[in-house]
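Structure first, then comments.
The values are calculated or read from the model by the stated rules, or taken from the named source; none is laboratory data. Source: prediction; values computed, not measured. Note that each Cβ is placed from the backbone with ideal geometry, even for glycine, and that neighbours are counted across all protein chains shown.
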Amino acid sequence: MHSISAMSDIDPPEGSGILYVVSTPIGNREDITLRALHVLENADWIAAEDTRHTGRFLKSHGISTRLISYHEHNENERTPELIQKLLSGSAVALVSNAGTPSVSDPGFRLIQQAAANGLRIVPIPGVSAAIAALSVSGLPTDAFVFIGFLPPKSSRRLAEIRSLATDSRTLIFYESPRRICRLLDELVSIFGDRQGVLAREMTKIHEEFLRGSLSELHRTLRVRPSLKGECTLLVAGRPRQPAPDLQTVREELRKLMRHTTKPLSAAVKDFAIEHGLPRKSIYEEALRIKEEKKRERKTSHG
């Protein structure tokens, strides 16, 4: 089978197949689109993160398409094999265990290589835990940042959290139930006690949404004997501060330059981050102040 839906305006290699990136349910098996079922039934191959898990799902919908495993431990060797199938004319549907492939799930390498080979890649939209949680969070949705899973190594994880401290957009994290309390504690220590929403077991029987400050969420979870289900944590961005007037900025910069022991560029970077101001403009202002001081000294010694 070469095509399931209409062709795009860009012609793929002649005789090649199509890679379908198919979203599947994150819990409730009924959260699957008719189009997704049609693609999964008619594809030549389904590349699945866990063939047993996907096999059970397909069986519940009466689908018997051939499965091939594709996960983080075999994607290096499996990617060329799947690309060859696509170049030979096969239609391949890529799925993960839950949600949208390549979004904190395997799939990036295959999609990247398919694009590099000029193959047609078709998204079959559906469920995403991040968007599902955001839609009911009550936090601002006009601008948000999807972080996913933070690095497991403490130094890298804390560095990434610090880099997000001044972001005014809603932040979306994924975390395991075993590590969610640690993450909440780290966020409070770096961000302060902002508002958050914890979504757990979404679309399942024990679906739960906890709302409150990050410290309140931490206290609620800490006393529970156990916690199950992947967690999606949404955190309010840093409140936007009114821009200080130029005179105030200059006075603060003068104080900083009198007392700091850091190089000017490093001191200006910290100042800009703290006040949410563009670093380049602040650095240029600092240079002007520096020149003014030089002229003042020359005048006083003249």
Q: Test Val39 against the criterion of being over 23 Å from the mean Cα position of the chain (by Cα) and crowded, with 19+ Cβ neighbours inside 10 Å, and give yes or no.
A: yes
Q. Among the aromatic types (Phe, Trp, Tyr) and farther than 29 Å from Ala133 by Cβ - does that describe any residue in the stretch 62-77?
A. no
Q. With (1) outside the structural domain of His73 (by TED's automatic domain parsing); (2) closer than 20 Å to Thr232 by Cα; (3) at pLDDT below 95; (4) among the β-branched types (Val, Ile, Thr) as the list, and Thr141 as the residue in question, which single condition is left unmet?
A. (3)
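This table checks each residue for (1) over 15 Å from the mean Cα position of the chain (by Cα); (2) without any contact (Cβ under 8 Å) to a residue 24 or more places away in the chain.
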{"residue": "Val103", "(1), (2)": "no, no"}
{"residue": "Gln112", "(1), (2)": "yes, yes"}
{"residue": "Pro123", "(1), (2)": "yes, no"}
{"residue": "Ser128", "(1), (2)": "no, no"}
{"residue": "Phe144", "(1), (2)": "no, no"}
{"residue": "Phe149", "(1), (2)": "no, no"}
{"residue": "Glu160", "(1), (2)": "no, yes"}
Q) Which of the residues spanning the stretch 267-287 are loosely packed, with under 15 Cβ neighbours inside 10 Å and at pLDDT 85 or above? A) Glu284, Leu287
Q: Please tell me if Leu134 is assigned to a loop (DSSP other than H, G, I, E, B), surrounded by 15 or more Cβ atoms within 10 Å (Cβ to Cβ) and not assigned by TED's automatic domain parsing to the domain that holds Ile46.
A: no
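Rundown of residues vs (1) crowded, with 19+ Cβ neighbours inside 10 Å; (2) of a type outside the set (A, V, I, L, M); (3) under 14 Å from Arg238 (Cβ atoms), yes/no style:
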residue: Ser155; (1), (2), (3): no, yes, no
residue: Ala159; (1), (2), (3): no, no, no
residue: Arg162; (1), (2), (3): no, yes, yes
residue: Leu171; (1), (2), (3): yes, no, yes
residue: Glu175; (1), (2), (3): yes, yes, no
residue: Gly196; (1), (2), (3): yes, yes, yes
residue: Glu201; (1), (2), (3): no, yes, no
(Q) Out of everything in the stretch 24-61 that is of a type outside the set (Phe, Trp, Tyr) and touching a Pro at 6+ places or on another chain (Cβ under 9 Å), what residue ends up being farthest from Ala133 (Cα to Cα)? (A) Ala47
Q.
Looking only at residues that are out of contact with any helix residue (DSSP H, G or I) (no Cβ under 9 Å at 6 or more places or on another chain) and part of a helix (DSSP H, G or I) in the stretch 260-292, which one is nearest to Arg162 (Cα to Cα)?
A. Glu274
Q.
For the stretch 263-302, give me each residue that is under 45 Å from the mean Cα position of the chain (by Cα), basic (Lys, Arg) and more than 14 Å from Glu251 (Cα to Cα).
A. Lys269, Arg279, Lys280
